[in-house]
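Notes follow the structure.
Each reported figure results from applying straightforward, stated rules to the coordinates on display, with no laboratory input. This is a predicted model, so every value here is computed, not measured. No Cβ is skipped: glycine too gets one built from the backbone with ideal geometry, and neighbour counts run over all protein chains shown.
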């Protein structure tokens, strides 16, 4: 996913040469280490310098983003985890304040003013969970049910935020978007 996020971020903000990965090691899957590794691999392919931005409390979010924003041509990649989700308004506001293009894991970040999201379609995942619950209620043993991976991903772009950042969204990116927020 890290490579895809970098690709999309570079598509919408080609001037980005540095990216910070914002995550909470205590609440991110695997402590965020897999994402950090994938980001570092992807960053080389896109000639981008990557920085891990572990945060543990809201004050860390502010300090990390502020410090990162002091350098030129920065962008943010925001990992999916409950801590990050709970502080999404702060993260989106700081990205706006420091004029950092950012890609988020879920559409609700973009609905709240974020630039771009690419991630699993949460509604589709809930539908899948509902069918599992139905099967369990009809007598299926949970251990006998196959593990399912997400199959539907969505790209959401906020044009108002793009304009505020002085970015022109390429038509090819708009064509791939599942939703464009005016």
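Below, the figures for the structure above:
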| quantity | calculated |
| --- | --- |
| Sole exception among (1) assigned to a helix (DSSP H, G or I); (2) within 30 Å of residue 57 (Cα to Cα); (3) out of contact with any helix residue (DSSP H, G or I) (no Cβ under 7 Å at 6 or more places or on another chain) for residue 94, by number | (3) |
| Qualifying residues in segment 119-168 (those that are in a loop (DSSP other than H, G, I, E, B) and in contact with a strand residue (DSSP E or B) (Cβ under 6 Å, 6 or more places away or on another chain)) - the one nearest to residue 94 (Cα to Cα) | 121 |
| Wholly within segment 1-73, helices (runs of 4 or more DSSP H) carrying at least 2 residues that are surrounded by fewer than 14 Cβ atoms within 10 Å (Cβ to Cβ) | 33-45, 58-69 |
| Residue count, segment 134-167 (criterion: surrounded by 11 or more Cβ atoms within 10 Å (Cβ to Cβ) and without any contact (Cβ under 8 Å) to a residue 12 or more places away in the chain) | 4 |
| Residue within segment 99-106 that is assigned to a loop (DSSP other than H, G, I, E, B) and surrounded by fewer than 17 Cβ atoms within 10 Å (Cβ to Cβ) present | yes |
